[in-house]
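Chemist: After the structure tokens below, expect a handful of questions from me.
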Amino acid sequence: MAKPSVQPTGRESFFDTEEIIVTKTDLKGKITYANEVFLRVSKLSEHDAIGAPHSLIRHPDMPRAVFKLLWDRIQSGKELFAYVMNMATDGDHYWVFAHVTPSRDEQGNITGFHSNRRKPNPDQIAKIQPLYRELHQLETQTHDRKEGLALAAAKLESKIREMGKSYDEFIFSV
């Protein structure tokens with residue numbers, strides 16, 4: 001399914017704190033499984049979700065540097081926790097606290113990825129938004145997408161290093 005040209009509405013879509021959004025993808029990030037909560041919140045049918053790239057729900061204001069970190073970590077076999085703002089097919093957005101892990105076969109080979117997402121506390125979103133705005137601004141201040149991504153990734157790494165924390169320590173301190 002090609003991503004429709006939907007514009008962000010600025011409206012937030014909510015889901016309950018006890019609900020968990022679950023998806024699984026193949027090695028290239030195409031959705032192979034989506035639970036009912038994911039389908040409802042993203043406003044996708046199962047038919048439209050399965051086989052589509054997970055980036056289908058990417059919000060345009062979400063910094064690409066966070067996704068670069070995510071892909072670097074999970075492709076190397078590690079897990080990642082991250083705050084992510086996604087966009088439903090109608091342009092509404094929703095925040096998640098994502099836990100993404102590699103899925104493995106019996107030999108330990110990575111066969112895909114599994115993501116569980118919970119509703120974050122609004123205070124956590126208020127803390128992470130200024131950093132994400134700054135990273136997104138760095139990414140979009142140049143016409144060279146690779147350069148913008150490199151600037152934002154370096155800024156994210158620098159900010160975390162200044163705090164004297166690892167990424168994991170940082171994300172759990174938000």
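The values are calculated or read from the model by the stated rules, or taken from the named source; none is laboratory data. A quick note: this is a predicted structure, and the numbers were derived from the prediction, not measured. Positions of Cβ are backbone-derived with ideal geometry, glycine not excepted, and every protein chain shown enters the neighbour counts. Note: accessible area is taken over every heavy atom of the protein model, side chains too, but ligands, DNA and RNA are not part of it. Shrake-Rupley method; radii C 1.70, N 1.55, O 1.52, S 1.80 Å.
Chemist: It is to be established whether one or more residues within segment 156-172 are more than 15 Å from the chain's Cα centre (by Cα), open to solvent by 40 Å² or more (accessible area, probe 1.4 Å), closer than 27 Å to PHE38 by Cα and of a type in the set (Phe, Trp, Tyr).
Modeler: Within segment 156-172 (the criterion being more than 15 Å from the chain's Cα centre (by Cα), open to solvent by 40 Å² or more (accessible area, probe 1.4 Å), closer than 27 Å to PHE38 by Cα and of a type in the set (Phe, Trp, Tyr)), the answer is yes, since at least one residue qualifies.
Chemist: Ok, one more. Show the residue pairs meeting these rules: Cβ distance below 6 Å; 6+ apart or different chains; first residue within segment 87-110 and closer than 18 Å to VAL41 by Cα; second residue small (Gly, Ala, Ser) and in a loop (DSSP other than H, G, I, E, B).
Modeler: Hits for this filter: ALA88/SER13; ASP92/SER13; TYR94/SER13.
Chemist: Cβ-Cβ below 7 Å, separation at least six or inter-chain, first residue in segment 71-84 and of a type in the set (Asp, Glu), second modelled with pLDDT of 95 or more and open to solvent by less than 40 Å² (accessible area, probe 1.4 Å): which pairs?
Modeler: GLU79/VAL100; GLU79/THR101
Chemist: Something else: Select from segment 1-29 the residues that are touching a helix residue (DSSP H, G or I) at 6+ places or on another chain (Cβ under 7 Å) and not aromatic (Phe, Trp, Tyr) and list them in ascending order.
Modeler: Scanning segment 1-29 gives MET1, LYS3, SER13, GLU19, ILE20, ILE21, VAL22, THR23, THR25, GLY29.
Chemist: Considering segment 50-70 alone, what residues qualify as being closer than 13 Å to THR23 by Cα and either free of Cβ contacts under 8 Å to residues at least 24 places away in the same chain or touching a Gly at 6+ places or on another chain (Cβ under 7 Å) (or both)?
Modeler: Selection gives ILE50, PRO53, HIS54, SER55.
Chemist: Taking the residues in segment 24-69 that are open to solvent by less than 20 Å² (accessible area, probe 1.4 Å), in a loop (DSSP other than H, G, I, E, B) and not aliphatic (A, V, I, L, M) as candidates, determine which candidate is nearest to ILE160 (Cα to Cα).
Modeler: The residue in question is PRO63.
Chemist: Which of the residues belonging to segment 131-150 are part of a helix (DSSP H, G or I) and open to solvent by less than 70 Å² (accessible area, probe 1.4 Å)?
Modeler: LEU131, TYR132, GLU134, LEU135, HIS136, LEU138, GLU139, GLY148, LEU149, ALA150
Chemist: Among the residues of segment 90-116, what is the count of those that are open to solvent by less than 50 Å² (accessible area, probe 1.4 Å) and either closer than 24 Å to VAL6 by Cβ or among the β-branched types (Val, Ile, Thr) (or both)?
Modeler: So the answer is 12.
Chemist: Show the residue pairs that are 6+ apart or on different chains and have beta-carbon atoms under 8 Å apart, the first residue being within segment 148-174 and over 25 Å from PRO120 (Cα atoms), the second being hydroxyl-bearing (Ser, Thr, Tyr) and open to solvent by 30 Å² or more (accessible area, probe 1.4 Å).
Modeler: Within 8 Å, the pairs are GLY148/THR140; GLY148/THR142; LEU151/THR142.
Chemist: Within segment 5-23, can you find the residues that are open to solvent by less than 60 Å² (accessible area, probe 1.4 Å), at pLDDT below 95 and not hydroxyl-bearing (Ser, Thr, Tyr)?
Modeler: VAL6
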